[in-house]
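As structure tokens, the structure follows; a few thoughts come after it.
The values are calculated or read from the model by the stated rules, or taken from the named source; none is laboratory data. Nothing here was measured: the structure is a model prediction, and the numbers come from that model. No Cβ is skipped: glycine too gets one built from the backbone with ideal geometry, and neighbour counts run over all protein chains shown.
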């Protein structure tokens, strides 16, 4: 037998791990899971427990067909670029809000359909029969669509509250969604005007324009306040920050712009939070004045403290 030199022995030993590694089968890469995001956000506002529910989200092409209809493509592109937004598509969110006052469970708006709001409630740990009161900010289809499920009221035990002006306006229109979802519940509805009470600590405020009688709702508990703005603004940049940009879905565009200035001016002065139905989930933030408009400040950990 030929003796190995020390150098040959070292080289032979160094090669052994490589040979072993080559004999080990290569494992497949872990599968991609796909995008993921939160769909429930819960926090305390004084003695109220507030939960935002993501009841739907979808991609929409060519957003200037909806927002900034009265500005040039160049201005729209510049504002978008300044805020790191693409101009070829936007993501829409649909966010009802659930408020547990301690004595009743109040749902603000109902999403696109009965199945969607039922699923959203289940993710938050509730069933539709637990809802005591359903409040409608207005009568557009993505807010009233969940009132019925297969022709039957989704919220079997609830009373319903909406603005008198809003109900009367839609009652005078020929609208299939209103006829199918709202009219069958009319005998269980109560109607309010500007300053009317939904329940203790929940007050309706007129913010007309997006629809004829669009309302926002102010929550007040133990010295803390929050406003549910509905569709006062439909986008944090192209609508909220630019209140005079016209939005296709605003039925009275001048009145909607005036309501944006009124509501966001109040919130900026108070430095109080708000929930917007179409804001990026969890749909809550603050606003401050900036130039002739406003600046959207998404909520961070403030409501966790």
Regarding the range 283-304, can at least one residue be identified that is over 25 Å from residue 102 (Cα atoms), under 18 Å from the mean Cα position of the chain (by Cα), surrounded by fewer than 16 Cβ atoms within 10 Å (Cβ to Cβ) and at pLDDT below 95? yes
Taking the range 229-244 and the residues there that are within 15 Å of residue 71 (Cα to Cα) and in contact with a helix residue (DSSP H, G or I) (Cβ under 6 Å, 6 or more places away or on another chain), the one that is surrounded by the most Cβ atoms within 10 Å (Cβ to Cβ) would be 243
Of the residues in the range 151-167 that are more than 12 Å from residue 191 (Cα to Cα) and in contact with a helix residue (DSSP H, G or I) (Cβ under 7 Å, 6 or more places away or on another chain), the one that is surrounded by the fewest Cβ atoms within 10 Å (Cβ to Cβ) is 156
For the range 134-177, give me each residue that is in a loop (DSSP other than H, G, I, E, B) and closer than 17 Å to residue 205 by Cα. 136, 137, 138, 139
Flag for residue 225 being closer than 19 Å to residue 103 by Cα and either within 20 Å of the chain's Cα centre (by Cα) or not in a strand (DSSP E or B) (or both): yes
Taking residue 35 as the residue in question, decide whether it is in a loop (DSSP other than H, G, I, E, B), at pLDDT below 95 and more than 21 Å from the chain's Cα centre (by Cα). no
Of the conditions (1) in contact with a helix residue (DSSP H, G or I) (Cβ under 9 Å, 6 or more places away or on another chain); (2) over 19 Å from residue 49 (Cβ atoms); (3) part of a loop (DSSP other than H, G, I, E, B), residue 272 fails just one. Which one is it? (2)
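Evaluate the following for residue 198: is it surrounded by 15 or more Cβ atoms within 10 Å (Cβ to Cβ), in contact (Cβ under 8 Å) with a residue 60 or more places away in the chain, touching a strand residue (DSSP E or B) at 6+ places or on another chain (Cβ under 8 Å) and part of a strand (DSSP E or B)?
The answer is yes for residue 198.
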With the range 68-111 as the region, which strands (runs of 3 or more DSSP E) entirely inside it contain at least 2 residues that are modelled with pLDDT of 95 or more and surrounded by fewer than 18 Cβ atoms within 10 Å (Cβ to Cβ)? 89-94
